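Student: Below is a structure I'd like to ask you about.
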Amino acid sequence: VQLQAFGGGLVQAGGSLRLSCTASRRTFSNNGMGWFRQAPGKEREFVAGISWRGDLTIYADSVKGRFTISRDNAKNTVYLQMNSLEPEDTANYYCAAARSAVSSRDVRDYRYWGQGTQVTVSS
């Protein structure tokens, strides 16, 4: 099982970043995918999710309208486009593969996790 997230970095408030997460075909196929984040001293929180077909997406209220999740099944890759970044978005971002073809806001509904990629937004 392999999930690898990358694309994090340091950006000023108002800027943009695009995260990518590649997975093995076995991990990616037929599974919903999600992005979560965890800031120091805080619990891991849901950010965005997308179904296997890409037709259903869900977002945390805090990122709705600013972040967009998408996937390319031919490349076994899921993306998180982050615009209008705020200092509160600073966290380690994780991608995860769901236990089913749809995504979920609940961490317990995800079977596989990648290593995080750090996003830091300066004010």
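Student: Can you tell me which residues in the range 74-86 are open to solvent by 50 Å² or more (accessible area, probe 1.4 Å) and either more than 10 Å from residue 20 (Cα to Cα) or in contact with a Gly (Cβ under 7 Å, 6 or more places away or on another chain) (or both)?
Tutor: Residues satisfying the conditions are 74, 75, 83, 84, 86.
Student: For residue 69, only one of the following conditions fails: (1) modelled with pLDDT of 95 or more; (2) touching a helix residue (DSSP H, G or I) at 6+ places or on another chain (Cβ under 7 Å). What is its number?
Tutor: So residue 69 meets the others, but not (2).
Student: Output yes when any residue across the range 65-81 is in a loop (DSSP other than H, G, I, E, B) and free of Cβ contacts under 8 Å to residues at least 24 places away in the same chain, and no when none is.
Tutor: Looking through the range 65-81, at least one residue is in a loop (DSSP other than H, G, I, E, B) and free of Cβ contacts under 8 Å to residues at least 24 places away in the same chain.
Student: Right, here's the next one. Condition first: of a type outside the set (S, T, N, Q) and either within 14 Å of the chain's Cα centre (by Cα) or within 18 Å of residue 83 (Cβ to Cβ) (or both). Now tell me which residues in the range 1-13 satisfy that.
Tutor: Listed by number, the residues that qualify are 3, 5, 6, 7, 8, 9, 10, 11, 13.
Student: Residue 52 passes all but one of (1) over 18 Å from residue 21 (Cα atoms); (2) part of a loop (DSSP other than H, G, I, E, B); which number fails?
Tutor: (1)
Student: Among (1) in contact with a Phe, Trp or Tyr (Cβ under 8 Å, 6 or more places away or on another chain); (2) open to solvent by less than 70 Å² (accessible area, probe 1.4 Å); (3) outside any loop (DSSP other than H, G, I, E, B), which single condition is residue 101 missing?
Tutor: Against the list (1) in contact with a Phe, Trp or Tyr (Cβ under 8 Å, 6 or more places away or on another chain); (2) open to solvent by less than 70 Å² (accessible area, probe 1.4 Å); (3) outside any loop (DSSP other than H, G, I, E, B), residue 101 comes up short only on (3).
Student: For the range 45-68, what are the residues that are open to solvent by less than 10 Å² (accessible area, probe 1.4 Å) and either among the β-branched types (Val, Ile, Thr) or touching a Pro at 6+ places or on another chain (Cβ under 6 Å) (or both)?
Tutor: Result: 47, 50, 63.
Student: Another question, if that's okay. Residues that are closer than 17 Å to residue 118 by Cβ, more than 14 Å from the chain's Cα centre (by Cα) and either not polar (S, T, N, Q) or not in a strand (DSSP E or B) (or both): does the range 14-37 have at least one?
Tutor: yes
The values are calculated or read from the model by the stated rules, or taken from the named source; none is laboratory data. Since the structure is predicted, the reported quantities are computational estimates derived from the model, not experimental observations. Methodologically, a virtual Cβ is constructed for each residue, glycine included, from the backbone with ideal geometry; neighbour enumeration extends over all protein chains shown. Surface accessibility is based on the protein's heavy atoms, side chains included, excluding ligands, DNA and RNA. Shrake-Rupley method; radii C 1.70, N 1.55, O 1.52, S 1.80 Å.
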